[in-house]
Amino acid sequence: MDKKTCMVDVGKYFLAFLLDESCGKCTPCRLGIDRMLEIVTGITEGRGRREQIDLLKELADTVSSASLCGLGKTAPNPVLSTLRYFSEEYEAHIYEKRCPAGVCQALITYEIDGEKCNGCGVCLRACPHEAITGEKKQVHAIDKQLCQKCGICRVECKFDAIHAI
C-alpha cells in the first residue's frame, strides 16, 4: 500500500469481505457489518456526514463485544485502524468531497496538465465516451460532463499529463 491506496476504500473492501464470510448466526455481526459497509460505501461515494464517524465507532464496539465468534469480534478492526491512523482521509472524503488517493470514482475528476500534454491524441482516441477534445499538437481538454471517470485516458497517457483531482 502506498499514497495511491485509499484507506477508506480499504476499510470498505475488508467489510465487504467480512460480510461475505459471516455465517449470519448472530445479529450484531450480520447487521452490524452490513450497516458499517453501508456507511463506508456512502463515504466513498460522497454521501458521508461527520456524525457517521461516531456511528461507525459505536457499531464497531457493538459488533466486537456482542458477536459470538472470532470473525465478528475482530471484524471492525480494519475500519477502526483506518479511522485511527488515517482519519484525515475520512475527513477529506466527508468535508472536502475528495479522495486524496484518487481512487473513489464519485469523488474524483480528471484534468489534463497543459505543461505535460503535447497533443499526441492517444487519450483522445482511447476515451470510449468521447469526453476528450483537442487538435493535434495542441493541449487537449476533458469535458467533465461527458467524462465517466473510467481512467482509461490516464492509463494510456505516456506523458503522465492526466491527473485525478
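Read the figures in this text as sums done on the coordinates, not as results from a lab. Quick caveat, the model's predicted, so the values are computed rather than measured. Methodologically, a virtual Cβ is constructed for each residue, glycine included, from the backbone with ideal geometry; neighbour enumeration extends over all protein chains shown.
See the values below:
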quantity	calculated
Charge dipole magnitude, Cβ of K and R +1, D and E -1 - segment 109-164, Cα centre, debye nearest 20	120
Charged-residue dipole, Cβ positions (Lys, Arg, Asp, Glu), segment 7-95 about Cα centre, Debye nearest 20	240
For a label point 7 Å along the Cα-to-beta-carbon line of ASP54, residues of segment 87-112 with backbone N under 13 Å	none
q = 0.21 Å⁻¹: log10 I(q)/I(0) that the Debye formula gives for segment 59-106, counting C-alpha atoms only	-0.74
Radius, Kirkwood style, for segment 59-150 when every pair of distinct Cα atoms is counted (Å)	16.6
Mean Cβ count within 10 Å, highest first, over the residues of peptides 105-115, 6-16, 67-77	6-16, 67-77, 105-115
By average C-beta atoms within 10 angstrom, highest first, the peptides 89-97, 54-62	89-97, 54-62
Neighbour net charge for ASP34 - beta-carbon separation under 13 angstrom, K R +1, D E -1	0
Extended-chain gain in nm, criterion 0.36 nm per residue less alpha-carbon gap, GLU156 and ASP34	40.2 nm
Segment 7-95: Rg to Rh, with Rh as the Kirkwood radius over Cα pairs	0.95
Rg over Rh [alpha-carbon atoms, Kirkwood Rh] for segment 109-164	0.89
Longest to shortest principal axis, alpha-carbon extents of the chain, angstrom	64, 28, 27
In sequence order, calculated HN-Hα J values of segment 152-159 (Karplus, 6.51, -1.76, 1.60; Hz; x Gly/Pro)	4, 4, 5, 5, 6, 5, 7, 10
Backbone HN-Hα couplings from phi across segment 42-54 [Karplus 6.51/-1.76/1.60, Hz, Gly and Pro as x]	x, 5, 5, 9, x, 9, x, 10, 3, 5, 6, 5, 5
Distance in nm between pseudo-label sites at LEU71 and LYS4 (7 Å out along the Cβ direction from Cα)	3.3
